[in-house]
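Derivation of every value follows stated rules applied to the coordinates shown; laboratory data play no part. As the structure is a prediction and not an experimental result, all values here were calculated from the model. FYI the Cβ positions are ideal-geometry reconstructions off the backbone, even for glycines, and counts take in every protein chain you see.
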Amino acid sequence: MTDSNTNEPTADTFADDVRAKFATAENVRPEAIAAALQMPNGKAIRGFLRMTFTRPVEMKGSTWLLTNEQANATIEHFLARRGARG
C-alpha cells in the first residue's frame, strides 16, 4: 500500500518489507539494518546492541555479526521508535 499523496510506501508496508528482508538472515551487520531502516549509519544500532546484547570486553572494536534473533529484536526496537506497526 502506498500513500496516495506521495506515492511512498506506508509505514506498515515499510515495516513489513524490512521484517521480510531479515526474516531468516544470519550474520547481519548493523550497517545493513541501518540501511534497511533508512538510517544514516549503524551508530545508533550499535549503541542499542551494546545495551541489549552485551559482549565480552575482548570483543570491543570487533565486527558485530548478529544472529537472526538479535537482528529481528533490533529491527523491532527501531520500528517501534518510528511508530511503524504491522
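Key figures
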| item | result |
| --- | --- |
| Amide H partners (placed H, <5 Å) of residue 66, local residues excluded | 27, 28, 29 |
| The chain, relative contact order in percent, only Cα pairs under 8 angstrom and at least six apart counted | 41 |
| Computed magnitude of the charge dipole of the chain (debye, nearest 20; Cβ of K, R +1, Cβ of D, E -1) | 440 |
| The stretch 26-82 - Rg and Dmax from Cα coordinates, angstrom | 10.7, 33 |
| Extreme residue, positive dipole direction of the chain, given options 41, 23, 51 (C-beta unit charges) | 51 |
